[in-house]
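The values are calculated or read from the model by the stated rules, or taken from the named source; none is laboratory data. Everything quoted here is computed from the prediction, not taken from an experiment. Here the Cβ positions follow ideal geometry from the backbone for every residue, glycine too, while neighbour counts run over all protein chains shown. Protein only, heavy atoms only, side chains kept; ligands, DNA and RNA dropped before computing areas. Shrake-Rupley method; radii C 1.70, N 1.55, O 1.52, S 1.80 Å.
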Amino acid sequence: MTAHDIPEPARLHTDAVVVDGLQINNWSREVFEELRTGGVSGVNATAAVWEGTDQTLRAVAEWYQMAQRHNDLMLLAETADDIRKAKEEGRVAVVLGFQNTSPFGDDYRLVEVFSRLGVRIAQLTYNIQNAVGGSCYEPEDSGLTRFGRNIVAEMNRVGMLIDLSHVGNRTSRDAVEASVAPVAITHSNPTWFVDNPRNKPAEVLRAVAEGGGVVGCCLYPLVLGGAGTGLDEFCAMVRRLVDEIGPEHVALGSDCTRNWDDGYVEWLRSGHWRPRGEVPASWPEWPHWFRGPEDFPRVTDGLVAAGLDERTVRGVLGENWLRLFDDVFLGGRAA
């Protein structure tokens with residue numbers, strides 16, 4: 001690459017469609033303004049983690065109201081074109097997603113119900129075994145269950161993207177094999193970068209990529225290596241992953257957690273499966289170069305400095321998510 005080929009980061013970031021693979025903020029107008037300031041045009045927003053069907057229906061209804069109250073800043077997206085539209089209009093497109101299949105309860109038919117309500121992404125498990133399969137923290141991963149295979153097939157049919165971020169490695173491999181549509185890891189890093197149960201080994205990353213899926217490299221401190229990890233280290237990791245699984249399969253998933261207190265992270269970790277307070281919980285410190293969505297331009301700077309060409313940077317920033325959404329959200333796939 002010559003000096004002439006090196007993209008100018010500020011111009012690139014302004015022109016690119018930036019899509020964040022996952023955020024779990026306490027949403028407010030101020031947070032939407034932060035996303036817009038950071039040049040983010042699309043975001044997978046967590047609408048449920050431990051919630052059951054009734055609670056999740058109310059959460060989705062609250063999102064409808066939020067879209068009405070802040071329609072000058074955001075819109076609810078059901079297609080990749082909605083994200084492209086948001087970019088043109090200077091708004092933020094919110095793709096509703098779940099970080100668990102708990103909203104489906106024990107009824108696979110609720111996949112279609114929530115799809116019709118606008119939910120486009122669902123993670124199979126969140127940190128503990130459920131009816132679908134094993135989580136990344138289980139001592140023994142059960143693999144995808146019979147119910148889980150029905151959930152995967154129904155998600156393929158209605159056009160809901162399968163997320164494997166908090167899912168166990170065996171269950172992840174089973175899901176990739178069972179799915180007739182590409183799948184995603186919306187917010188995890190390779191275990192060769194940080195050896196943490198939430199990160200993924202090379203064989204899972206390769207399987208996702210070989211199936212046409214996308215891996216969202218994550219900025220959350222626990223999977224990043226802590227607040228002391230440098231931007232250059234993160235971007236070097238992205239570059240190596242691009243080399244290993246292909247530039248069209250690498251993206252970003254920040255896992256931003258704006259405006260929550262420590263009580264919320266305790267609830268995230270304990271849910272309904274153990275008494276709260278057994279394990280003290282507090283939010284980790286974020287790196288100085290990424291405190292929130294306003295700092296996305298710094299990530300673009302780092303990707304360019306790492307030597308990635310403009311096409312690859314545009315893919316990582318958002319085009320790879322758009323391609324995947326274009327493919328998967330169409331639905332209509334049956335095993």
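Summary table below
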item	result
Computed E for Arg11/Glu294 - FRET, C-beta separation, R0 22 angstrom, nearest 0.05	0.75
Mean Kyte hydropathy of 0.0 or more with a Cα span along the axis of at least 18 Å, helices from DSSP in the chain	231-245
Net dipole in debye of the stretch 268-335 [+1 Lys, Arg Cβ; -1 Asp, Glu Cβ; about Cα centre; nearest 20]	380
For the stretch 194-335: rounded, prolate or oblate by the Cα gyration tensor [a/c cutoff 1.5]	oblate
Long-range Cα-Cα pairs in the chain (distance over 32 Å), rounded percent	22
Heavy-atom accessible area per residue - the stretch 1-126, 1.4 Å, Å²	41
Accessible-area value, Tyr108, 1.4 Å probe, nucleic acids and ligands omitted, Å²	100
For the chain, calculated [θ]222 nm from helices alone, where every DSSP H run of n ≥ 4 adds -39500 (n - 2.57)	-11500 deg cm²/dmol
Sequence of Thr53, Thr125 from largest to smallest accessible area, 1.4 Å probe	Thr53, Thr125
Potential lengthening between Ala236 and Glu285 on full extension [0.36 nm per residue; Cα-Cα distance subtracted]	15.5 nm
Considering only the chain, percent of DSSP beta bridges that pair antiparallel, nearest 5	5
Fully extended contour minus Cα-Cα distance, from Asp326 to Gln65, at 0.36 nm per residue	91.3 nm
Debye, to nearest 20: dipole size of the stretch 31-91, +1 on Lys, Arg Cβ, -1 on Asp, Glu Cβ	100
Mean separation of Cα contacts under 8 Å (6+ apart) over length of the stretch 23-84, as relative contact order %	36
